[in-house]
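Peer 1: Just passing along the structure, written as structure tokens.
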Amino acid sequence: MALAKLACVVLMVMVLASPIAQATITCGQVSSGLAPCINYLKVGGAVPAACCNGVRGLNAAAKTTADCQAACRCLQSAATSIRGINFSLASGLPGKCGVNVPYKLSPSTNCNTYVHVT
């Protein structure tokens with residue numbers, strides 16, 4: 001779940017769009033996209049290819065500001081339910097997967113500040 005929360009944050013941070021749009025990304029999508037990252041987020045080591053595929057997929061799926069903000073909220077919700085998540089590893093995950101996220105990934109991140117940028 002924390003991984004899903006991280007995915008949402010990553011997705012929201014990376015994808016910015018119109019604040020009027022409705023989110024099309026679901027917490028289920030975020031959770032399944034980031035599920036392969038959970039072990040890495042707990043113990044570190046090599047980032048699994050499936051994890052990076054999920055991070056990149058979520059980033060591509062977040063097409064609007066609403067998507068980004070919804071993904072962020074999903075990540076935050078998940079992070080509180082998975083024990084042992086290392087948030088330092090979480091905030092570095094997008095970069096390790098070749099995704100640029102201009103914000104720190106953290107449970108204290110204000111999801112309402114994410115805007116989709118093309």
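The values are calculated or read from the model by the stated rules, or taken from the named source; none is laboratory data. Fair warning: this is a prediction, and the values are worked out from it, not measured in the lab. Here the Cβ positions follow ideal geometry from the backbone for every residue, glycine too, while neighbour counts run over all protein chains shown. Accessible surface is based on the protein model in full, side chains and every heavy atom, while ligands, DNA and RNA are left aside. Shrake-Rupley method; radii C 1.70, N 1.55, O 1.52, S 1.80 Å.
Peer 1: Report yes if T26 is modelled with pLDDT of 85 or more, of a type in the set (V, I, T) and closer than 13 Å to H116 by Cβ, otherwise no.
Peer 2: No; evaluated as a whole, the condition is false for this residue.
Peer 1: Check every one of the helices (runs of 4 or more DSSP H) wholly within the range 18-100 and list those with 1 or more residues that are out of contact with any helix residue (DSSP H, G or I) (no Cβ under 8 Å at 6 or more places or on another chain), open to solvent by less than 40 Å² (accessible area, probe 1.4 Å) and free of Cβ contacts under 8 Å to residues at least 24 places away in the same chain.
Peer 2: Of the helices (runs of 4 or more DSSP H) lying wholly inside the range 18-100, those with at least 1 residues that are out of contact with any helix residue (DSSP H, G or I) (no Cβ under 8 Å at 6 or more places or on another chain), open to solvent by less than 40 Å² (accessible area, probe 1.4 Å) and free of Cβ contacts under 8 Å to residues at least 24 places away in the same chain span 87-96.
Peer 1: I'd like the full set of residues that are among the hydroxyl-bearing types (S, T, Y), in a loop (DSSP other than H, G, I, E, B) and free of Cβ contacts under 8 Å to residues at least 12 places away in the same chain, limited to the range 101-117.
Peer 2: S108
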